[in-house]
Amino acid sequence: MATRDFSINNFMSAVDNLGGPAKRNKFSVEVHPPLTMRKKELADSINFLAKGVSFPAKTLAMTEYRYGGKFSLSVPYETTLEPVTINVMNTNNHAPRIFWNQWFNHIQNFTTYNMEYYENFVGTVHLHQYSSTEEFIDPSKSSYHVTLHEAFPKGMSAIEVGWENAEFQDFDIDIQYSWWTMSGETDSSGLRKRNV
């Protein structure tokens, strides 16, 4: 490790060499619902209404390995993934709400109460982060890209209204997924993987 001092100029120079500090407000969300879903074309018209999103986390579930009753070691046995939350601005025609509710209805038919086959109700969600110098939302120019594979909505929050509240409406969507990949990561052999 190279020797560094506490100079703010040297610190900022080192940060700039890594592309500069990432800002929270430069992002975009692309939702690709299942091809078999009705009104899937609504996704393209509401993607820009995502007010906020959480990039996914990873946690290793642990267990205790014991030997001879004296030695104990915490070891991981699987990776656990938490849902990603998208905060969505609502509109007067409620197109965002209608789209996500349509996806829920596609998963379970409320007339027959039958559940759709898994491969028929999962889609893909792309999360893009942009550098502070990027002026346009162009996924091909994002500095960081996360893909949620086999994604589907797990929960949709309520919208509370009231006479005393004139603020814009929004609601949360919790996205469940099977796994996620990110741009720039490498596989076990050290080769850079493509983010698909």
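Looking at Val29, Val75, which one is within 18 Å of Asp172 (Cα to Cα) and β-branched (Val, Ile, Thr)?
Of the residues listed, the single one that is within 18 Å of Asp172 (Cα to Cα) and β-branched (Val, Ile, Thr) is Val29.
Among (1) modelled with pLDDT of 95 or more; (2) over 26 Å from Met182 (Cα atoms), there is one condition Gly123 misses while meeting the rest; what is its number?
(2)
For the stretch 68-103, name all the residues that are hydroxyl-bearing (Ser, Thr, Tyr) and either in a helix (DSSP H, G or I) or touching a strand residue (DSSP E or B) at 6+ places or on another chain (Cβ under 8 Å) (or both).
So the first thing to find is which residues in the stretch 68-103 are hydroxyl-bearing (Ser, Thr, Tyr), and the list is 72, 74, 77, 79-80, 85, 91.
Of everything in the stretch 68-103, those that are hydroxyl-bearing (Ser, Thr, Tyr) and either in a helix (DSSP H, G or I) or touching a strand residue (DSSP E or B) at 6+ places or on another chain (Cβ under 8 Å) (or both) turn out to be Ser72, Ser74, Tyr77, Thr79, Thr80, Thr85.
Checking Ser54 against (1) out of contact with any Ser or Thr (no Cβ under 8 Å at 6 or more places or on another chain); (2) within 12 Å of His128 (Cα to Cα), which single condition isn't satisfied?
Every listed condition holds for Ser54 apart from (1).
Residues of the stretch 55-101 being surrounded by 10 or more Cβ atoms within 10 Å (Cβ to Cβ), under 19 Å from Val161 (Cα atoms) and not hydrophobic (A, V, I, L, M, F, W, C), which ones?
Asn87, Asn90, Thr91, His94, Pro96, Arg97, Asn101
Among what's in the stretch 144-168 and is among the charged types (D, E, K, R) and assigned to a loop (DSSP other than H, G, I, E, B), pick the residue that is surrounded by the fewest Cβ atoms within 10 Å (Cβ to Cβ).
This residue is Glu164.
Take the residues in the stretch 24-65 that are more than 24 Å from Tyr118 (Cβ to Cβ) and touching a helix residue (DSSP H, G or I) at 6+ places or on another chain (Cβ under 6 Å), then tell me which one is modelled with the highest pLDDT.
So the residue we want is Leu49.
Inspect all residues belonging to the stretch 44-66 and state whether any of them is at negative phi, without any contact (Cβ under 8 Å) to a residue 12 or more places away in the chain and assigned to a loop (DSSP other than H, G, I, E, B).
No, every residue in the stretch 44-66 fails to be at negative phi, without any contact (Cβ under 8 Å) to a residue 12 or more places away in the chain and assigned to a loop (DSSP other than H, G, I, E, B).
The values are calculated or read from the model by the stated rules, or taken from the named source; none is laboratory data. Keep in mind the model is a prediction, meaning the values are calculated, not measured. Every residue, glycine among them, receives a Cβ derived from its backbone with ideal geometry; neighbour counts consider all protein chains shown.
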